[in-house]
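Presented below is the structure to which this report refers.
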Amino acid sequence: NEVEAAAQCWESAPETSSADASHFKGVSFSGTAPSAQEWLQQLEETPEEDILAEALAEDVAERRKAMPSHLPVVTTEDQERLRDLVATLAKMKQDFDAERESFAGVQEELSRREAELADREKAVEAERQEQRRRDEERANYPQPKWLENIEGTINIGVVGNSGVGKSLLINKLRRVRQGTAGWAPVGVNETTREPMMYPFPGQPQVRLWDLPGAGTTAVPSETYVQDMGLRYFDRVLICTAGRFTTMEVSLRAELEKHNVPFCMVRTKVDIDCWNNFEDNKRDEKTTLAEIREDLRQNHNVIDAYLVSSRDVDSYDMPRLVHELFPGMKRQMDPLAPSFCPTVPAWNDAWAMPVAFSPVLAGLQGRWSDAFRTIYLVHQSQAHVTLSNANRTVVPLTEGPGRVFWINRWYVTEESISKARRDGTLKWDPVLPVDQALFWTWAG
């Protein structure tokens, strides 16, 4: 990770670019135009059926005031069960004392009842000891001060070392657009030094926690599970962008020991697929199979979730969402009451999500150029901010297999694929009199 964070790319014979402000000739800029964040907030949300929001509402309703089932806590039901056992024992003693006189001559029946009474006393004592053990365990495993008010909420912890893409994964799981409120900061260096909570938009009871990596001076690995309060989470995501470290494998063992549900998540698999194709001419299916086999052989990870935060509808991301939020399974279950494809609303045009071409989909996000111009692409528009703070919005136009910039430059699916690998996007000119433009991925 340190090598990657400090790496730089050099071009031996860089192509001349006309990416300065002159290529915006004819485009109107204004210092009073909305900023990128204001522009995103003004955009209407894409109308579509929000299955995830409905699923989260179901999950929260099921939780009510309940705690995670694996948490070592004496519940009201536990206390009630102990009271019932004590009351039953007292009643049995009373009946036994009364019947002993009437059964004075029936020694065999008395022996049977005495044995039954002894068994019940053992059961009561065993229940007392189990509740005492839970209380002691809870006292030795205090709930972190920053993780408060967990009753009636769903809490998911995301752990992993620097550079594995935790923050971007959290943003994509919550479907938050870059530049809007609630966006988790993303960086190649360790941006998470303290636990940070990110609620779902519109569902504040569902919370994702970005937790600092383990094995540092601030967060020693020996006490990580206790310090981070992982036993108080409903589920934990253990993330890596390569191989799982010894620390992460140990963390999995601790979670298994305490019956805390978890998912082993392998991020950035889209980059691995492209690199393996370029270097070894192996297709995507083969690369994914190799990654799974490596995790199985070397780390005993049988069911890893292979995801890409750049392509949230591919690989194992949909399966991960279904695993994190059980309500999603019910929403798509043909036998569930909420699955009603015959209802007219299911067939309305608004229920269908907007589909982009591969080229336009690959352009979504934040880019910059050598002249410090910032391009924020959202759907088929780009918000442009010049270095002098003047701003405008430029529409993108599509042609067969291409997306055009100001009708003078274009990119193709091949251009997007190359940009995914090296972070630089080349816009080819339509006319030979123009020179190529270069954008750099800014996250």
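The values are calculated or read from the model by the stated rules, or taken from the named source; none is laboratory data. These numbers come from a predicted model, not from an experiment. Here the Cβ is made from the backbone with ideal geometry for all residues, glycine too, and neighbour counts use every protein chain on show. Note: areas computed on protein heavy atoms with side chains; ligands, DNA, RNA excluded. Shrake-Rupley method; radii C 1.70, N 1.55, O 1.52, S 1.80 Å.
Laid out as a table, the results:
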item	result
Conditions (1) open to solvent by less than 100 Å² (accessible area, probe 1.4 Å); (2) basic (Lys, Arg); (3) at pLDDT 75 or above; (4) closer than 30 Å to residue 152 by Cβ; number of the one not met by residue 93	(4)
Cross-chain or 6+ apart pairs with Cβ under 7 Å, the range 427-443 first and on the phi > 0 side of the Ramachandran plot, then open to solvent by 50 Å² or more (accessible area, probe 1.4 Å)	443/186; 443/366
Scan of the range 396-410 for residues that are not small (Gly, Ala, Ser) and not in a strand (DSSP E or B), ordered by number	400, 406, 407, 408
Odd one out for residue 116 among (1) open to solvent by 70 Å² or more (accessible area, probe 1.4 Å); (2) under 29 Å from residue 378 (Cα atoms); (3) modelled with pLDDT of 80 or more	(2)
Which numbered condition residue 366 fails, given (1) in a strand (DSSP E or B); (2) at pLDDT 90 or above	(2)
Output for the range 369-395, where each listed residue is among the polar types (S, T, N, Q), free of Cβ contacts under 8 Å to residues at least 40 places away in the same chain and not in a loop (DSSP other than H, G, I, E, B)	381
Boolean, residue 276 is open to solvent by less than 50 Å² (accessible area, probe 1.4 Å) and more than 24 Å from the chain's Cα centre (by Cα)	yes
Unique residue being among the charged types (D, E, K, R) and surrounded by fewer than 17 Cβ atoms within 10 Å (Cβ to Cβ) when the list is 235, 296, 310, 231	296
1 or more residues more than 30 Å from residue 358 (Cα to Cα): qualifying helices (runs of 4 or more DSSP H) within the range 234-336	246-257, 284-299, 326-331
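Condition check ((1) modelled with pLDDT of 85 or more; (2) closer than 17 Å to residue 146 by Cβ) across all residues:
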residue: 209; (1), (2): yes, yes
residue: 214; (1), (2): no, yes
residue: 235; (1), (2): yes, no
residue: 240; (1), (2): yes, no
residue: 248; (1), (2): yes, no
residue: 255; (1), (2): yes, no
residue: 261; (1), (2): yes, no
residue: 269; (1), (2): yes, no
residue: 272; (1), (2): yes, no
